[in-house]
């Protein structure tokens, strides 16, 4: 089982005339929980693109999500180091194309990491931001009308499929224990 040493950020962005960072989910997760979190965040925000760095555990995550039918997965191939990636995006930020909320539970931690980068203890949120901005401003080759209709057909097909069956874990496994704890906490939150 892959174990992550750094927290993993999952950020949600809206794009239009400007770019809006609307959410950051950041947690230290083992691989199975990371995969579930990606699917949950994609569903929560209706993401049409799920950008994942094609390196280390990201490569496995990309392959498994595509195999599971997640056609929104887009590979991100870094072409320079983290510091250079973020510095290359500063003009977009300084020129007012990037907006962040005035209040959010994750905002203080996010801003601290960006303003202390690259000397911060963690750089995952800064790197995630740099990757998205780099990907966004990189021109994409035209896919054409046939590719557009193929993708729409796949999306419609996915919507018609029944939701996946609940995963059953071996009794006593780490996943089973985590699921039991999650159900227990959900019961406490509902006053049960």
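The values are calculated or read from the model by the stated rules, or taken from the named source; none is laboratory data. Just so it is clear, the model here is predicted, and its values are computed rather than measured. Here Cβ is always computed from backbone atoms with ideal geometry, including for glycine, and neighbour counts include all displayed protein chains.
Going through 92, 84 one at a time, which residue ends up being more than 20 Å from the chain's Cα centre (by Cα), at pLDDT 90 or above, over 18 Å from residue 14 (Cβ atoms) and part of a helix (DSSP H, G or I)?
Numbers: 92 fails: over 18 Å from residue 14 (Cβ atoms).
Within the list 92, 84, the selection yields 84.
Got a sec? Which of 118, 139, 162 is touching a helix residue (DSSP H, G or I) at 6+ places or on another chain (Cβ under 6 Å) and either surrounded by 12 or more Cβ atoms within 10 Å (Cβ to Cβ) or at pLDDT below 80 (or both)? Give the steps one after another, and end with the answer.
Working: 139 fails: touching a helix residue (DSSP H, G or I) at 6+ places or on another chain (Cβ under 6 Å); 162 fails: touching a helix residue (DSSP H, G or I) at 6+ places or on another chain (Cβ under 6 Å).
Only one candidate qualifies: 118.
For residue 175, state whether it is touching a helix residue (DSSP H, G or I) at 6+ places or on another chain (Cβ under 9 Å), closer than 22 Å to residue 36 by Cβ and part of a helix (DSSP H, G or I). Walk me through it before giving the result.
Values: touching a helix residue (DSSP H, G or I) at 6+ places or on another chain (Cβ under 9 Å): yes; closer than 22 Å to residue 36 by Cβ: yes; part of a helix (DSSP H, G or I): yes.
Taking the combined requirement at face value, the residue satisfies it.
Every residue in the stretch 2-26 that is surrounded by fewer than 16 Cβ atoms within 10 Å (Cβ to Cβ), within 23 Å of residue 66 (Cβ to Cβ) and touching a strand residue (DSSP E or B) at 6+ places or on another chain (Cβ under 7 Å), please.
Those that are surrounded by fewer than 16 Cβ atoms within 10 Å (Cβ to Cβ), within 23 Å of residue 66 (Cβ to Cβ) and touching a strand residue (DSSP E or B) at 6+ places or on another chain (Cβ under 7 Å): none in the stretch 2-26.
Inspect all residues belonging to the stretch 88-99 and state whether any of them is buried (at least 18 other Cβ atoms within 10 Å of the Cβ), under 20 Å from residue 58 (Cα atoms), out of contact with any strand residue (DSSP E or B) (no Cβ under 6 Å at 6 or more places or on another chain) and touching a residue at least 40 places away in the same chain (Cβ under 8 Å).
Here is the first cut: in the stretch 88-99, the ones buried (at least 18 other Cβ atoms within 10 Å of the Cβ) are 89, 98.
Okay, now just the ones that are also under 20 Å from residue 58 (Cα atoms), so none.
Looking for residues that are buried (at least 18 other Cβ atoms within 10 Å of the Cβ), under 20 Å from residue 58 (Cα atoms), out of contact with any strand residue (DSSP E or B) (no Cβ under 6 Å at 6 or more places or on another chain) and touching a residue at least 40 places away in the same chain (Cβ under 8 Å), one finds none in the stretch 88-99, hence no.
Mind counting the residues in the stretch 26-45 that are free of Cβ contacts under 8 Å to residues at least 40 places away in the same chain and under 12 Å from the mean Cα position of the chain (by Cα)?
Matching residues across the stretch 26-45 total 13.
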